[in-house]
1. List pairs: first residue in segment 151-165 and under 19 Å from residue 112 (Cβ atoms), second residue surrounded by fewer than 19 Cβ atoms within 10 Å (Cβ to Cβ) and among the charged types (D, E, K, R) anywhere in the structure, Cβ distance under 8 angstrom, at least six positions apart or on different chains.
2. Please tell me if residue 251 is within 18 Å of residue 228 (Cα to Cα), aliphatic (A, V, I, L, M) and either at pLDDT 95 or above or in a helix (DSSP H, G or I) (or both).
3. I'd like the residue in segment 191-242 that is of a type in the set (A, V, I, L, M) and away from the ligand (no atom under 15 Å from the Cβ) and, out of all such residues, is nearest to residue 127 (Cα to Cα).
4. Does segment 154-172 contain at least one residue that is within 26 Å of residue 207 (Cβ to Cβ), more than 24 Å from the chain's Cα centre (by Cα) and not in a helix (DSSP H, G or I)?
5. Inspect segment 95-118 for any residue being buried (at least 20 other Cβ atoms within 10 Å of the Cβ), of a type outside the set (Lys, Arg), more than 11 Å from the ligand (Cβ to nearest atom) and part of a loop (DSSP other than H, G, I, E, B) and give the result as yes or no.
Amino acid sequence: MSDHVPDLLSRPGFLLGSFATNCSGGMTVSTLPERWTADWDSNLKLARMLDAAGVDFMLPIARWIGYGGQTDFQGGVLETITWATGLLASTQHITVFGTIHTSANHPVVVAKQLATMSQIGHGRVGLNVVAGWNKPEYEALGLQLPDDHETRYAYAQEWFDLIQKLWAADAPFDWDGRFFHLKQSYSHPRPARLPPIINAAGSPQGRAFAVRNANFLFTPALDLGRSRDEIADLKDKAAAEGRQVDVLTFAHVVCRETEAEARAYWQHTLAHADWPAVDNLVRLQIAHAQSFPHDLLALVREGMAVGHGGFPLVGTPEQVADGICALRDAGFRGTTLSFVDYNAEFPFFRDHVLPILAARGIR
Ligand SMILES: Cc1cc2nc3c(=O)[nH]c(=O)nc-3n(C[C@H](O)[C@H](O)[C@H](O)COP(=O)(O)O)c2cc1C
């Protein structure tokens, strides 16, 4: 059966996915009454729509505490492994990722979770590896976030090597590493095929991790000129190690019949921004992560409020399709999409933007 499901890595065309639908607020830091609640029934409804429309993947955010403010943005979160498992059981074609914090999840457990999900989804499961950055969240888990990126990524590397070994070993093995010490470990069954791996690092250490281990680097598109160079550089580095790494980004969609309507809704969203939560989000990114270039982060406060810094796809269906083509032309292999209310807004995108992308030959 798994042979009949196209592997995400070899799918033709520009990849499209959803992002953050397991989190309250989704990607929009606002008090709007129609903001995303992230409850299971809404996720299931959306997943079935995306699956039927041929969208390639769904990517969740792993989060254990929210960003405070009036709405506690992303404070209500469906756990990603259980969320993805339920969706895999309820869909037929779409790839569904789990997002895992390496420090919070033991690799022997994750290896088996992924293998189980692979059976349930007939090979459609993927893994987004998070090496850690959000210090208050680590403290909420009772964990110590290492201050230096070297230790964070050394831990993530050993964690990932161990999972790979569990999926490859023919016999029980001992492991005596820097962080893990296992005796006579093994993991059966194995995934039907190796899950596609995403990593969203921005730091040099994290980028080196992505080049060594990921199939997709996931990174913001705040300046397409800069993205072009960044993507070329990353692909060169991967090629030098005999690997192929593609680059994904994330985009926030406000698509309406007229440009004026779309812009008005962007402004309306902004007028309802949960600014204390936006400021917490930006402050934590600057303090602990390098996923958003810090010089650009300060310039995109409004974009952080409306779409968590996602590439703005705002306007008519033609304009939104133009934006997606611009991402493709900058070298991205695909993008996720977010909406204020995914279930209310995706059908218009499906009916009006997807046909344009098909006509232009990019999907
Ligand atoms: C698009 C995107 C998605 C991410 N998803 C998550 C997530 O689900 N959970 C999380 O804790 N961090 C997430 N991150 C943070 C990164 O995985 C990474 O830990 C962070 O960029 C810090 O690494 P760095 O300092 O090497 O950049 C995401 C970052 C980006 C840009």
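The values are calculated or read from the model by the stated rules, or taken from the named source; none is laboratory data. Since we're looking at a predicted model, the values are computed, not measured. Neighbour counts run over all protein chains shown; Cβ positions are idealised from the backbone, glycine included.
1. 158/178
2. Working: within 18 Å of residue 228 (Cα to Cα): yes; aliphatic (A, V, I, L, M): yes; either at pLDDT 95 or above or in a helix (DSSP H, G or I) (or both): yes.
Yes.
3. Selected residue: 194.
4. no
5. Among the residues of segment 95-118, not one is buried (at least 20 other Cβ atoms within 10 Å of the Cβ), of a type outside the set (Lys, Arg), more than 11 Å from the ligand (Cβ to nearest atom) and part of a loop (DSSP other than H, G, I, E, B), which makes the answer no.
A quick yes/no check of all residues on (1) in contact (Cβ under 8 Å) with a residue 24 or more places away in the chain; (2) under 18 Å from the mean Cα position of the chain (by Cα); (3) under 25 Å from residue 245 (Cβ atoms):
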{"position": "287", "(1), (2), (3)": "yes, no, no"}
{"position": "293", "(1), (2), (3)": "yes, yes, yes"}
{"position": "317", "(1), (2), (3)": "yes, no, no"}
{"position": "320", "(1), (2), (3)": "yes, no, no"}
{"position": "324", "(1), (2), (3)": "yes, yes, yes"}
{"position": "347", "(1), (2), (3)": "yes, no, no"}
{"position": "354", "(1), (2), (3)": "yes, no, no"}
{"position": "362", "(1), (2), (3)": "yes, no, yes"}
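Condition check ((1) assigned to a strand (DSSP E or B); (2) more than 30 Å from residue 361 (Cβ to Cβ); (3) within 12 Å of the ligand (Cβ to nearest atom)) across all residues:
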position: 13; (1), (2), (3): no, no, no
position: 18; (1), (2), (3): yes, no, no
position: 27; (1), (2), (3): no, no, yes
position: 34; (1), (2), (3): no, yes, no
position: 44; (1), (2), (3): no, yes, no
position: 52; (1), (2), (3): no, no, no
position: 58; (1), (2), (3): yes, no, no
